[in-house]
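These notes are about the structure you will find just below.
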Amino acid sequence: MRNVVFAAAFFVLACSPATGSQAPTPKVASTGDSAKSKDSKDSTTTAGRGALSEPFADPFPSTYKPFPSKTTVIRNVTILTAAGPRITNGEILLEDGKIQSVGASVNAPADAVVIDGKGKFVTPGIIDIHSHLGVYSAPGVEANSDGNEATRPVTAYVWAEHSVWPQDPQFPRNLAGGVTTLQVLPGSANLFGGRSVVLKVVPSRTVQGMKFPGAKYGLKMACGENPKRVYGNKGGPQTRMGNVAGYRTAWIEAEQYRRKWDKWNADKKGDPPARDLNLETLAEVLRGDILVHNHCYRADEMAQMIDIAHEFGYRIRAFHHGVEAYKIADLLAKEGIGAAIWADWGGFKMEALDGIRANMALTQKAGVKTIVHSDDPSGSQRLNQEAAKGIEAGKELGIDISEDQAIKWLTINPAWALDLDSKIGSIEPGKDADVVLWSGDPFSVYTRAEKVWIDGALLFDRNDAAEQWRTDFDLGFVPQVGGAQ
Amino acid sequence: MKWSVSSSALAFVAMCAMTTAVSAQTIAITGGKVYPVSGPPIEGGTVLMRNGKIVAVGKDVAIPGDAERVDATGKWVTPGLVNANTNIGFGDVGFSGGPREQQAKGHDGIAAGFQVWLGFNTQSTMIAPAREGGVTSVVATPSGGLVSGQAAILDLNGALALTDLLVKALATMVAQVEDDDGAQVGAAGELIGKLRDLIEDTKAYMRRKSDYERAQTRSFVATRRDLEAMIPVVEGREPLTIVADQAAEIREVLNIAKDYGIKVVIAGGAEAWTMADKIAAAKVPVLTGAESNIPGSFSTLGSRQENAAMLRKAGVQVALIGNGAGDEELFNVRNLRYEAGNAVAYGMSWDDALRAITLAPAEIYGVSGSIGSLKPGSEGNVVVWSGDPFEFSTRAEEVFVRGKKIDAPSRQDMLAKRYETLPPKYNTP
């Protein structure tokens, strides 16, 4: 009953958002004619060339630097690695911002901070690939409603990072839930909602200071009810067939734009073509440089979105809110598209009617990359509990999901969806030291994140108020009695 | 849920055939770890039900020869859970489709005469999932306006007739004091004044009914139907549940309760912890959750997950309701037990948390003689759990409502079964 009005409004706006992501794949190479890797980024790119449309342009570069860290060893702890079987009574060494070593025992320097993990668990930091923190900041007043550029159905020109308020008090609460990386997306009012941004969940004066270095952008696309509801009386689309016509029309223009610019970037002949922010984002998708995250509830609509991707030669990285993913789990597995889903949301609108708790287990069983996502600032703090529901739902169908498997839904699978799985998402030597120490088994309702490190720096300690981030908004507005939020 | 152990389609069909209430006059649940809530836990206890009611609970209960025995060895046995804040039965689709029957239009924000349960669909597809989560009774609650209407308490027993579900009609009047627009006022002070006017006009109406019928009174802020509905509230016979989150809102609710001597219940109560002692002293119960810590509005800046535990510690009667923004009023009424688990994680004792989803709401709404505990005379609402009911790895293995085991699969179960192998067969299940 809390805050009925705000909750209801948020549910409609934000819970409908979905993102579409497209993964760079061999398929893309066949349709794109420009170089695809970051290494190929035009070294002549300099400030002040804003009239040019270049692959991997990075006009708002990350200024994130890891926070100061101490070499830390956690001993006598159960480690869910997301890379293999659990290690019981294990040890993990965090050094220089990286996971230095992990195993039954590790060699730690004499001056390392030693933490006794008896009875506790270590996991990789949780990654939520469907967040609106900062773009729908708390408190949810109209002034903080920055997530949907609901002015026209195609707004691929907006970038979520330009709405992110780093002082959103929801960020530290998310961190306290063990979440270390977020993909913040525009909402789902539009066919093309705009670019996402991948953030480290860290305090910063600017959004640039939170941006995950080197992370690709995502493009948010949305199927179904939301665009047609928002635009039905504002010039359309008014129907699902109108939605599909809208996607295709935009991709046709984007493909022309991509050809024009790829040609010019290759030969630099004559005046450069006119730059268009909308088409630039879509062209980057066609080049494979931006990942498509596609909000889509219904199985039949997902299948249509897959056909559109085939028609224009891009890939969908993950369907978000795929409440019916289980109905086409075989198709998603074949296409290599991730299923970013809730544990038990459904029924809140017609297209969400067939949500079932077994969605995670059934997609997992079919070989889909299953991802637990939140789309909710509260649910995001308990993604471990969401996955626990998924384990149990599998058990009821006779599908055995181990905790070693379920932890992947929260870590390495979402890391893959962001194309960051070489850096984060598992406990393996050399990976970023984004690590959570849990008070117990993370799939128990009684367990809470106790300590959270990002790049080896301790950024949350439930038992030490001095290690708890309070945003500017928290000061004065939020009553404190000490201890964690 | 019951059928889930087996994954074969044949078994499923077989179980479907016996889904609807298996009727047994006398049932003995034996050998379990029994939590009566109204008394201390009993290891290896027996719960004996006859003709829909609980007739005995204890260690050494004589089991009649004709009793159907349910072996609960190694299991946990609790009362059916009571969810004190649901929209169940008023439309299965939250948004963009189908009927929604929980919000009246009212007159100038007042719909006191609105009896929400008259729109209750006893065949709602949301009933089975709730039951699978061990919830056997709900407070079906209206929303909107200043005074939303009146709630009823219902058992989720799958009966067709509303009269076979009703535990108590007129369980509580529901109002809210945090949304000025909803109440059709411009400011909090105006809202509180309007609520006071309604109470005072009800008293005037009660004194001068015959004058009113002859149109010889001044005009009142509410219609005759609304004023009539408010009578049991101002007489202190029916509680007034008021949605209030901010400390200032709660303060005014306490003032109204004191000034008019009416029984109030605070729902939401995000900042209740900041004035727990005052609430305890006023003997005002609070319905709140343990999953919100977000300053989602300027009324909930002090929202924290320890709220319920802190209130309980101060001596406040607390019933847990969902507040994790996961549609706990409808699709996830079933998740009430996880709210309790989270309350424990944030400082509440396990026993208090179980009480907060069983006996506490029953006491708050005056139905503790019927539901909320395992004691002789209560309805046979009993759940046999595979383990600790608050844990995700635990299942409600057997759910009895009014003495009958109900294991009808939910629509969601049927969908899972249908799509377990692809492509699906559209005649199965």
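The values are calculated or read from the model by the stated rules, or taken from the named source; none is laboratory data. Just so it is clear, the structure is predicted and the values come from calculations on it, not from any experiment. No Cβ is skipped: glycine too gets one built from the backbone with ideal geometry, and neighbour counts run over all protein chains shown. These accessible areas exclude ligands, DNA and RNA; they are computed on the full protein's heavy atoms, side chains included. Shrake-Rupley method; radii C 1.70, N 1.55, O 1.52, S 1.80 Å.
Relative to 2.2 N^0.38 Å, what does the C-alpha radius of gyration of segment B:232-362 come to as a ratio? Two decimals please.
0.99
Relative contact order for chain B: what percent, with Cα pairs under 8 Å and sequence separation of 6 or more?
20
Of the accessible area of segment B:246-400, with the probe set at 1.4 angstrom, what percent is carbon plus sulfur?
Of the solvent-accessible surface of segment B:246-400, carbon and sulfur hold 47 percent.
What is the ratio of the Cα radius of gyration of segment B:343-429 to 2.2 N^0.38 Å, with N the residue count, to two decimals?
Normalised Rg, Cα atoms only: 1.46.
With 20 Å as the cut-off, how large is the P(r) tail for segment A:122-198, expressed as percent of Cα-Cα pairs?
Everything past 20 Å amounts to 31 percent.
Per residue in segment B:406-429, which ones lose no less than 10 Å² of accessible surface when going from chain alone to all protein chains (1.4 Å probe)?
SASA drop of 10 Å² or more in segment B:406-429: B:Arg411, B:Gln412, B:Leu415, B:Ala416, B:Tyr419, B:Glu420, B:Leu422.
Using the Kirkwood radius over Cα pairs, work out the Stokes-Einstein diffusion coefficient for segment A:191-335 at 10 °C and 1.306 mPa s, in µm²/s as a whole number.
95
Segment A:364-463: which GluC sites (Glu not before Pro) are DSSP loop and have at most 13 other beta-carbon atoms within 10 angstrom?
Nothing satisfies the criteria.
At 4 °C and a viscosity of 1.567 mPa s, what translational diffusion coefficient does Stokes-Einstein give for segment B:238-302, taking Rh as the Kirkwood radius over Cα pairs? Give it in µm²/s as a whole number.
D = 110 µm²/s.
Could you tell me what percent of the accessible area of chain A is made up of carbon and sulfur, with a 1.4 Å probe and every protein chain present?
53
Share of antiparallel DSSP beta bridges in segment B:154-304, in percent to the nearest 5?
10
Divide the volume of the convex hull of the Cα atoms of the protein assembly as shown by its number of residues and quote the answer in cubic angstrom per residue. Walk me through the numbers before you get to the answer.
Numbers: hull volume 154.4 nm³, N = 914.
Roughly 169 Å³ of hull volume per residue.
Please compute, for the alpha-carbon atoms of segment A:281-349, the extent along each of the three principal axes and give them in descending order in Å.
36, 22, 17
Please give the calculated 222 nm ellipticity per residue for the protein assembly as shown, where each DSSP H segment of at least 4 residues contributes -39500 (n - 2.57) and the sum is spread over every residue; nearest 500 deg cm²/dmol?
Estimated from H runs of four or more residues: -7500 deg cm²/dmol.
For segment A:210-286, with every protein chain kept in place, what is the accessible area per residue (1.4 Å probe, Å²)? Numbers along the way, then the final one.
On the way: 3370 Å² over 77 residues.
That works out to 44 Å² for each residue.
Between 0 and 90 degrees, rounded to the nearest ten: what's the tilt of helix A:277-286 against the longest Cα principal axis of chain A?
The angle comes out at about 70 degrees.
Hey, could you pull the Cα Rg and Dmax for segment B:145-208, both in Å?
Both quantities, over Cα of segment B:145-208: 16.2, 45 Å.
Of all the Cα-Cα pairs you can form in chain A, what percent are over 40 Å apart?
18
Would you mind listing how long chain B runs along its three principal axes, going by Cα atoms, in whole Å with the largest first?
Result, largest extent first: 68, 47, 44 Å.
Amide H neighbours of B:Gly149 under 5 Å, at least 5 residues apart or on other chains, H built in the peptide plane: list them.
Placed amide hydrogens put B:Ala111, B:Val174 under 5 Å from B:Gly149.
Karplus couplings for segment B:265-274 from phi (6.51 cos²θ - 1.76 cosθ + 1.60, θ = phi - 60°), rounded to Hz, Gly and Pro as x?
Result, rounded to whole Hz: 10, 8, 10, x, x, 3, 9, 4, 4, 6.
I'd like the trypsin sites (Lys or Arg not before Pro) in segment B:271-375 restricted to DSSP loop residues with at most 16 other Cβ atoms within 10 Å, sorted by number.
Numbers: sites: B:Lys278, B:Lys283, B:Arg304, B:Arg312, B:Lys313, B:Arg334, B:Arg337, B:Arg355; in loops: B:Lys283, B:Arg304.
Filter output for segment B:271-375: B:Lys283.
Out of B:Thr217, B:Thr136, B:Thr274, any idea which swings most in a Gaussian network model of chain B, alpha carbons joined below 10 Å?
Greatest mean-square fluctuation among the candidates belongs to B:Thr217.
Using only Cα atoms, tell me the angle between helix A:4-13 and the longest principal axis of chain A; keep it within 0 to 90° and round to the nearest 10.
50
Hey, if we sort A:Ser62, A:Ser444 by accessible area with the 1.4 Å probe, largest down, what's the order? Mind dumping the intermediate values first?
Working: A:Ser62 40, A:Ser444 20 Å².
Sorted by accessible area, descending: A:Ser62, A:Ser444.
Could you work out the mean projected area of the convex hull around the alpha carbons of segment A:71-171, in square nanometres to one decimal?
Average of the hull's projected areas for segment A:71-171 equals 10.0 nm².
Would you kindly derive the ³J(HN,Hα) couplings of segment A:255-264 from the backbone phi angles with the Karplus curve 6.51 cos²θ - 1.76 cosθ + 1.60 (θ = phi - 60°), listing them in order in whole Hz, with x for Gly and Pro?
Taking θ as phi minus 60°, the curve returns 5, 4, 4, 4, 4, 4, 6, 4, 5, 5 Hz for segment A:255-264.
Seen from all sides and averaged, what is the projected area of the convex hull of the Cα atoms in segment A:358-485, in nm²?
9.3
Quick check for me: using +1 on Lys/Arg Cβ and -1 on Asp/Glu Cβ, what's the dipole size of chain A about its Cα centre, in debye to the nearest 20?
With Lys and Arg at +1 and Asp and Glu at -1, about 500 debye.
For the pair B and A, how large is the buried accessible area, both sides, in square angstrom to the nearest 100, if the probe is 1.4 Å?
Buried: approximately 5600 Å² between A and B.
In segment B:279-305, what residues drop by 40 Å² or more in accessible surface going from the chain by itself to the full protein assembly, probe 1.4 Å?
Buried by 40 Å² or more upon assembly, which counts only protein chains, are B:Glu291, B:Asn293, B:Ile294, B:Pro295, B:Gly296, B:Phe298, B:Leu301, B:Arg304.
Summarise the long-distance tail of P(r) for segment B:123-244 by giving the % of C-alpha pairs beyond 22 Å.
Value for segment B:123-244 (Cα pairs over 22 Å): 47 percent.
Across peptide A:136-144, how many C-beta atoms of other chains are within 10 Å of each residue C-beta, on average?
3
What accessible area per residue comes out for segment B:95-159, rounded to a whole number of Å², with a 1.4 Å probe?
Values: 1890 Å² over 65 residues.
Ligands and nucleic acids excluded, the result is 29 Å² per residue.
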